[in-house]
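The structure appears right after this line, and notes come after that.
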């Protein structure tokens, strides 16, 4: 069994616990998630099974969308509702000011990750250093906020739908937003609603997941055009060699043999086909 499960993560469970749960429930050998969610977060998690784990990079690079809720007036050491309160304020901004400042996050910018994050320093996650009282700062990373919409405001709390690039920390946006507003803020709720082509509406609760919910590797890349290889081309391709004079546009492709067996993915550049991943 090779492919992808789309799970709707519940609040309170870690991403790794979710992976171990599905691994045990379905007696799977190799399982991995394609983008972590914090314990307090809910929503879409893409789970790769067995040989599908070799294709993880395609989805790890994907844009993501979240429905986020931010609480004003309180900052925490983790930048979310699970942390210890480190600062408070009763200087609450108006709806219009909050909306204006929130929209200033549109586009590309450099973002500092939370001290409590899964980013690693010398092979060790930052959150482990933070729990030991050692706050490690990583260099800011470029992120891109493509859209912010569905803004709902209620005095000391507001929510919005955000579409962002990979590596974006919504906790950091809540933290930095509080600073820009001249008050304190932290992330009080988060639901991932999409990752690349996948949507929360396709996801199942872990208790409802069955083998027939599995999305095959081939199906996961159905938007890619296909290339069929002749027998003399197959040996070269399957051994990692490059095939010249491929009359196709530069792009990634699903690769098949003449019997329509799915072999994996390849990339065409300047009419040369190179292997990317084999199933």
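Here segment 35-53 is the region considered, the condition is being assigned to a helix (DSSP H, G or I) and touching a strand residue (DSSP E or B) at 6+ places or on another chain (Cβ under 7 Å), and the residue that is farthest from residue 168 (Cα to Cα) is 52.
A single entry from 231, 199, 212 fulfils the requirement of being more than 30 Å from residue 68 (Cβ to Cβ) and at pLDDT 90 or above: 231. Within segment 234-248, the residues that satisfy the criterion of being farther than 13 Å from residue 263 by Cα and buried (at least 16 other Cβ atoms within 10 Å of the Cβ) are 243, 246.
Among the residues of segment 77-122, count how many are touching a residue at least 12 places away in the same chain (Cβ under 8 Å) and under 24 Å from residue 142 (Cα atoms).
Initially, segment 77-122 is screened for residues touching a residue at least 12 places away in the same chain (Cβ under 8 Å), giving 77-83, 87-93, 95, 97-99, 101-119, 121.
Keeping just the survivors that are under 24 Å from residue 142 (Cα atoms) gives 77-80, 98-99, 101-119, 121.
Of the residues in that region, 26 qualify.
Picking from 32, 12, which residue would you name as being within 19 Å of the chain's Cα centre (by Cα), closer than 25 Å to residue 163 by Cβ and not assigned by TED's automatic domain parsing to the domain that holds residue 157?
Values: 12 fails: closer than 25 Å to residue 163 by Cβ.
From the options 32, 12, the qualifying one is 32.
Could you check segment 136-242 for helices (runs of 4 or more DSSP H) lying wholly inside it with 1 or more residues that are in contact with a strand residue (DSSP E or B) (Cβ under 6 Å, 6 or more places away or on another chain) and within 25 Å of residue 61 (Cα to Cα)? Steps first, please.
Numbers: elements: 170-181, 217-220, 231-238.
Output list reads 170-181, 217-220.
For segment 9-34, which residues satisfy the criterion of being buried (at least 16 other Cβ atoms within 10 Å of the Cβ) and part of a helix (DSSP H, G or I)? Listed by number, the residues that qualify are 15, 18, 19, 21, 22, 23.
The values are calculated or read from the model by the stated rules, or taken from the named source; none is laboratory data. This is a predicted model, so every value here is computed, not measured. Don't worry about glycine lacking a Cβ; one is built from the backbone with ideal geometry, like all the others, and counts go over all protein chains shown.
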